[in-house]
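The values are calculated or read from the model by the stated rules, or taken from the named source; none is laboratory data. Everything quoted here is computed from the prediction, not taken from an experiment. When we count neighbours, we look across all protein chains shown, and the Cβ atoms used for this are built from the backbone with ideal geometry, even at glycine. Side chains are part of the model used for accessible areas, which takes the heavy atoms of the whole protein and leaves out ligands, DNA and RNA. Shrake-Rupley method; radii C 1.70, N 1.55, O 1.52, S 1.80 Å.
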Amino acid sequence: MRTALLAAALLAALAAPAAAQRLLDWSEAEVALVGQHGPWPLPPARDASNRISGTPVGIALGEHLFNDARLSGDGLMSCATCHQAGRDWSDGRARGRARVDLDRRTPSLWNVGYLHWFGWTGAGDSLWAQSIRPILDPLEMAGSRERASRLLREDKDLACGYERAFGTKPDGDDERLLVDAAKALAAFQATLVSPRTRFDDFRDALVAGDREAAARYGLSEQRGLKLFIGEGNCNACHFGPRFTNGEFGDIGIAFFVRPGEVDSGRLGGIATLAASPFNLLGRYNDDPSGISARRTRHVRHLHSNFGEFRVPGLRQVGRSAAYMHNGGFATLEDVVRHYSEVSPDRLHSDGTPLVRPLGLSAQQSTDLVAFLRSLDADPPPRPAPSPLCP
Amino acid sequence: MRLLAALFAFFFANAAWADCPLDLGRGTGLVIFSDHYMIAFRPDPLRIEVGEPFALLFNVCTKSGSAGELVAVDAQMPEHKHTMNYHPSIVSKGDGRFRAEGLVFHMAGHWEISIDVRAGEEIERLTHDYYIK
């Protein structure tokens, strides 16, 4: 009897500090920094440069086109070939594969509607312009203006869907119809918003001062998050609710594609953008105010653009390996090892570098990965697209 | 705030500055000055968000009371020695009033904006520090 009591007392004594430890100490400054990564989800994305953005009829047309292989030159490849719903809108490969292997990884399309630069180098300044690229690229879908416009005109369902979305029959010139197809594709992709995660529950509880709810978030995840917003300085670039500031950075990833050939990153992206007839300064921008074109008008050429790539958002990151623009890392553990061990020689910075070898302990690395994984969640099942014009 | 009040006191005590209009609408912005210039400015929108484009509205005045010219506006993070990824453009609204469009602070932290002004030949640079959260 006495031993039982003693054991109970001991247990209580042990349990008390353990329970109190479920929530680490979070300073006011840290709470503010954590708060910046939410709330989630954001309000639906709207794109002033796309007149059917956010319209149910435009979204429906876009979803049908997204899955339609007839947009490609040989009728065998659709957007969904590489951006697969069941693979978090990517393809699970280190680098994209079409007829040939591509040099860059297929990015996931989660939360793509909130971006302002598209592709790894920001060669696109709108979601619709970025959606034209794979259709015309001879290495990818190898389609054409004529092919896309013929499809919209001649397929009964698509022609009907077009008329509902745009209010006119598909009889514009070929290039305009290609752009409209891309605007429908964009309207659809902007609806791909990743679900709430365990991190979001923690963030909301912490900001609201609800210690009990906050303590449901694992200790390892909490420590990893502290590293992320603290010593790791990760939030300098992976900022805000999407965990990206939408701009570009150089974190010391090799940019050799093959011996003797480099991927110039943002440098090439700006050049491609400037040369594109579909950029926001061109005739296809539906926004008369000019506000949507501000970044394009003012973007600046910098020496440091060479070898910079867009800062990826980190929601659903654990679900869509491989990592980096070239798929060079297979796992999140590899990514964290990179940030832990990166050689300062590979980082070009005159001032205090934003990225430096962190020299993480095994425990810290585990914590950081645990935090990153708390940004993942299972998306709800998707219903099959409803018919365009039943 | 007290500093601003002090600046205004200074300003009104110096009759030569009196013609310089400091009102930028929607409340007055910040005022900085050198031996030759007095510059009032404010962001539009008033709150600068990380990664979001904003404009700066300026009134540039010289000590003699005449309007000055805004030649260039730029910003950098002194700690990391990098500039903005955007190059602001300047539109003159007449009478020493200007609008600089296309600024983006793409990271949180300390940004130093540089304001290049001129009334005659020589360009003078004034600076101001922003701490963005």
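Counted by Cβ distance under 11 Å from residue A:76, the other residues give a net charge of +1, where Lys and Arg count +1 and Asp and Glu count -1. Rounded to the nearest whole Hz, the Karplus-based 3J(HN,Hα) values (6.51 cos²θ - 1.76 cosθ + 1.60, θ = phi - 60°) of region A:79-84 follow the sequence 4, 5, 4, 9, 9, 8, with x at glycine and proline. Sorting A:47-60, A:208-221 by their mean Cβ neighbour count within 10 Å, with the most densely packed peptide first, gives A:47-60, A:208-221.
Averaged over peptide A:235-246, the number of partner chain Cβ atoms lying within 10 Å of each residue's Cβ comes to 3. Rounded to the nearest 20, the size of the Cβ-charge dipole of the protein assembly as shown about its Cα centre is 960 debye, with Lys and Arg at +1 and Asp and Glu at -1.
For residue A:291 and residue A:361, a Förster radius of 45 Å and the Cβ-Cβ distance give a FRET efficiency of 0.40, rounded to the nearest 0.05.
Largest accessible area first, the listed residues B:57, B:70 line up as B:57, B:70 when surface is computed with a 1.4 Å probe on the assembled protein chains. Taking Cβ atoms as reference points and 15 Å as the exclusive limit, the residues near residue B:103 contribute a net charge of -2, counting Lys and Arg as +1 and Asp and Glu as -1. Principal axis analysis of the Cα atoms in region A:147-286 yields extents of 60, 47, 27 Å, listed in decreasing size. Put simply, the amide H of residue A:329, placed in the peptide plane, has neighbours under 5 Å in A:323, leaving out anything fewer than 5 places away on its chain. Each peptide in A:163-169, B:83-89 was scored by the mean count of other Cβ atoms within 10 Å over its residues; highest first, the order is B:83-89, A:163-169.
Once backbone amide H atoms are built at 1.01 Å from N, residue A:124 has A:118 as its partners under 5 Å, excluding neighbours fewer than 5 places away on the same chain.
For chain A, the Cys residues with no second cysteine's beta carbon closer than 4.7 Å are A:79, A:82, A:234, A:237. Across all Cα atoms of region A:308-390, the radius of gyration (one decimal) and Dmax (whole number) stand at 17.7, 62 Å. Taken residue by residue and averaged, Cβ atoms of other chains lying within 10 Å of the Cβ of B:98-107 number 4. What pairs from B:63/B:133; B:63/B:93; A:183/A:226; A:156/A:183 go past 30 Å between their alpha carbons? From B:63/B:133; B:63/B:93; A:183/A:226; A:156/A:183, over 30 Å: B:63/B:133; A:183/A:226. Here the label points at residue A:283 and residue A:93, each 7 Å from Cα along the C-beta direction, are separated by 3.7 nm in the simple model.
For region A:56-189, the normalised intensity computed at q = 0.16, 0.21 Å⁻¹ comes to -0.77, -1.33 (log10 of I(q)/I(0), Debye sum over alpha carbons, equal scatterers, no solvent). Simple rule: put +1 on each Lys or Arg Cβ and -1 on each Asp or Glu Cβ in chain A, find the dipole, and look at A:271, A:194, A:332; the Cα lying farthest toward the positive end is A:194. Using equal-weight Cα scatterers in the Debye expression, the normalised intensity of region A:42-107 in log10 at q = 0.17, 0.27 Å⁻¹ is -0.77, -1.12. Label separation (residue B:83 vs residue B:121): 2.6 nm, computed from points 7 Å beyond Cα along the C-beta direction.
Per atom type, chain A shows carbon and sulfur on 57% of its accessible surface, probed at 1.4 Å. Computed from the Cβ-Cβ distance with R0 of 56 Å, the FRET efficiency linking residue A:349 to residue A:153 stands at 0.60. The label-point distance for residue A:137 and residue A:378, in a model that sets each label 7 Å from Cα toward Cβ, rounds to 3.3 nm. Its residues counted as N, the protein assembly as shown yields a C-alpha radius of gyration over 2.2 N^0.38 Å of 1.12.
Per residue of peptide B:110-116, the mean number of Cβ atoms on other chains within 10 Å of the residue Cβ is 0.
With a Förster radius of 35 Å applied to the C-beta separation of residue B:46 and residue A:262, the computed FRET efficiency comes to 0.20.
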